[in-house]
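Worksheet for the structure shown next.
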Amino acid sequence: MMLENTSGRRLAAGLRGLAINLVGGLRATFLLPMRESQVHGTFSQVVALAFVGIAWPVVVEIVQSGFAGRFYAGALPDALFDVPILIIACWALAWLAQRPERTLMLTVLALAADLWIGVIAWLMLWIAQLLPRSAPMRYVEIGLYYGPAVWLALATAVAGIRLLPIASYRRAAALAIGGLLIAVPVLAAWPDRQLWAKVEAETPVTDRHAYRIAVSEDAIYAQPSVLEHALAAIEPAVPGEPTLFFIGVAGYGEQDVFMRELESVATLFDERFGTRGHSILLINNRKRVFDTPIATTTSLRAAIARVASVMHRDRDVLFLYLTSHGSRDHLFSMSMWPLDLHELDAQTLRKMLDDAGVVNRVVVVSACYAGGFVESLKDDHTLVITAASADRNSFGCSNEADFTYFGKAYFDEALRKTSSFTEAFELAAPEIAARERKEGYDPSDPQMSVGRDIVAVLAPIEKKAAIGVAPSARHTATGSTTDPAPHRDE
């Protein structure tokens, strides 16, 4: 009986200490003054706060997705990543103040602040997901990514300055310790803290676990065979008539939108332009590593070479569609972490096409700054279309979307109204601009370069695909499709 009473008193004292520390952590979170009596600095409190810190997200996940999931212990090191980081940082702050005996007290306070900052960040993210997409939301998303780590670093440093205390001439060093020992490691490590996830038939439990599967031994050794079969499945051109070949590339593997968009576009081309049997998709996405070739410069070069080997080069056309992120220095992202893939530049792509001997080309690049591809790719036998100019962003690449803004307007809307690739651009460009204005984005300014000889080569392919397109939906813009027009780079 005495043992039970003692255990009960210890538990009650521990819970009181936890409550006191949570209040102190809330004050530290908002950089408010506090007293040492507002912190119970014990090892038991370190353990309790660490446990609460990993328990509350699990509870939230269960409430949201139900018990039809499982606990993923493999994410525990990531979920507890902040604990050793904060211990080291708090020791450094205590050493700076020449008060090492207060390391434990400051660590408890920092862990409590970490918990509150995590809760606040989660609430802000939840609210942000309910709001309509707009230009200011980009800055909210950036803040929700970088903000919590910087906030925790600042809160810990300020608490150390006040409670240890740290002399005024050393306060800049205290802030530097917070930044270097807390913010930098947390942002650099990209911890995956998802400990509970709904189990779906084909989806691994967590993103980190999924990526490990994507680069597992089975996946790595399966890829050569997957690529070989996909290349072999490309059938020769139809005898006696122009054939359109399709190569699609979804380059960025961390977001599903590029995969979904590419698969939808491929279906459209199979149905409208007769590319079934004459197409190949290269996709960077963990859900496709066992059935689709990954998108790399190597697989793209092989795909282009294979198409060139089975096409009639004077009359057939290659339609190459690339969708991904792009950079200011005009690199098209090929990315599937943790693989180290080469990014694609316009000169390399031009060389691939030239070396393979592909004469007639339609190249559509959907990415930020994609206009930087136009100069290198354009010639008399090429139609080049890009989702943005060389110095502008394109939009709509959220993970939940089925299409980017450009992909939706050009492929899913315009090419269902007309079979002309150039007319589809003229339909899509103003629609994209109107959507961007409505949502507060700077205009992406899509570009088009029409080669002198490509229009005549495309004409019979587009005419055949025009069957079934309602006349009322056809584009009625005045002038030839080869005339100079806004957004067009001749």
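Below 18 Å, Cα to Cα, which lysines can residue 351 reach? Residues fewer than 8 away in the same chain don't count. Straight-distance partners of residue 351: 378.
Amide H to amide H, with H built 1.01 Å from N, residue 362 comes under 5 Å of 318, 319, 320, 383, counting only residues 5 or more places away or on other chains.
Can you tell me the length gained on complete extension of the stretch residue 267 to residue 169, counting 0.36 nm per residue apart and subtracting the Cα distance? Walk me through the intermediate numbers first.
Values: separation 98, 0.36 × 98 = 35.28 nm, distance 6.61 nm.
Additional length available on full extension: 28.7 nm.
Ellipticity at 222 nm from helices only: DSSP H runs of n ≥ 4 in the chain, each -39500 (n - 2.57), divided by the residue count, give -16000 deg cm²/dmol. Counted over the chain, the DSSP beta bridges are approximately 30% antiparallel. Scalar couplings 3J(HN,Hα) for segment 303-313, obtained by applying the Karplus form with A = 6.51, B = -1.76, C = 1.60 to θ = phi - 60°, are 5, 4, 5, 5, 4, 4, 6, 10, 9, 7, 6 Hz; x denotes Gly and Pro.
The H on the amide N of residue 249, modeled in the peptide plane, is under 5 Å from the matching H of 282, 321, 322, 323, each at least 5 residues off or on a different chain.
Other residues whose C-beta falls under 13 angstrom from the C-beta of residue 36 contribute a net charge of +4, scoring Lys and Arg +1 and Asp and Glu -1. A straight line joining the Cα centroids of segment 392-429 and segment 236-292 runs 16 Å.
Excluding same-chain residues fewer than 8 positions from residue 408, which lysines have a Cα within less than 20 Å of its Cα? Cross-link targets: 417, 438.
Dipole size of segment 271-421 about its Cα centre, with +1 on Lys/Arg Cβ and -1 on Asp/Glu Cβ: approximately 360 debye, rounded to the nearest 20.
Which percent, nearest 5, of DSSP beta bridges in segment 222-470 are antiparallel? Display every interim value, and only then the final one.
Numbers: 7 of 31 bridges.
Restricted to segment 222-470, the bridges split so that about 25 percent are antiparallel.
To the nearest 0.05, what FRET efficiency results for residue 63 and residue 309 with a Förster distance of 51 Å applied to their C-beta separation? Before the final figure, lay out the partial values.
Values: r = 56 Å, r/R0 = 1.10.
The value I calculate is 0.35.
One chain, two ends: residue 327 and residue 13. Fully extended at 0.36 nm per residue, the span grows by 107.5 nm beyond their Cα-Cα distance. The slack between residue 119 and residue 340, meaning 0.36 nm per residue of separation minus the straight C-alpha distance, is 76.1 nm. Around the amide H of residue 279, modelled in the peptide plane, lie the amide H atoms of 235, 246, all under 5 Å away and 5 or more residues distant in sequence or on another chain. Mind sorting out which of [x] 1.04; [y] 1.23; [z] 1.97 is the real Cα Rg over 2.2 N^0.38 Å computed from the coordinates? Calculated Cα Rg over 2.2 N^0.38 Å: the matching label is [y]. Ignoring lysines fewer than eight residues from residue 287 along the same chain, the ones with Cα atoms less than 18 angstrom from its Cα are 198.
Give me the net charge for the shell around residue 164: Cβ to Cβ below 15 angstrom, other residues only, Lys and Arg +1, Asp and Glu -1. Don't skip to the answer; put the middle values down first.
Values: positive: 35, 99, 102, 162, 170, 171; negative: 36, 101.
Neighbourhood net charge equals +4.
Listed highest first by mean packing, meaning other Cβ atoms within 10 Å per residue, what order do 434-442, 449-457 come in?
Working: 434-442: 14.4, 449-457: 18.0.
Descending packing order for the listed peptides: 449-457, 434-442.
Against the chain, whose longest principal axis comes from its Cα atoms, helix 135-163 is set at around 20 degrees.
Per-residue packing, averaged as other Cβ atoms within 10 Å, sorts the ranges 8-16, 54-62, 296-304 into the order 296-304, 54-62, 8-16, beginning with the highest. Computed from backbone phi with θ = phi - 60° and the Karplus coefficients 6.51, -1.76 and 1.60, the 3J(HN,Hα) list for segment 33-43 is x, 8, 10, 4, 5, 8, 10, 9, x, 10, 5 Hz; x is used for glycine and proline.
Couplings for segment 453-461, taken from phi via the Karplus curve 6.51 cos²θ - 1.76 cosθ + 1.60 with θ = phi - 60°, read 9, 6, 4, 5, 5, 6, 3, x, 5 Hz in order; Gly and Pro are left as x. How far is helix 82-96 tilted, in degrees, relative to the longest principal axis of the Cα atoms in the chain, given as a value from 0 to 90 rounded to the nearest 10? Between helix and principal axis, roughly 50 degrees. Sorting 168, 279 by the number of Cβ atoms found within 10 Å of their own Cβ, with the fewest placed first, yields 168, 279. The residue among 89, 339, 247 whose Cα reaches farthest toward the positive pole of the charge dipole of the chain, with charges on the beta-carbon of Lys, Arg, Asp and Glu, is 89.
Read-outs throughout are calculated quantities, based only on the coordinates presented, and are distinct from any laboratory measurement. Quick caveat: nothing in here was measured; it's all calculated off a predicted structure. Quick reminder, even Gly has a Cβ in these numbers, built from the backbone with ideal geometry, and neighbours come from all protein chains shown.
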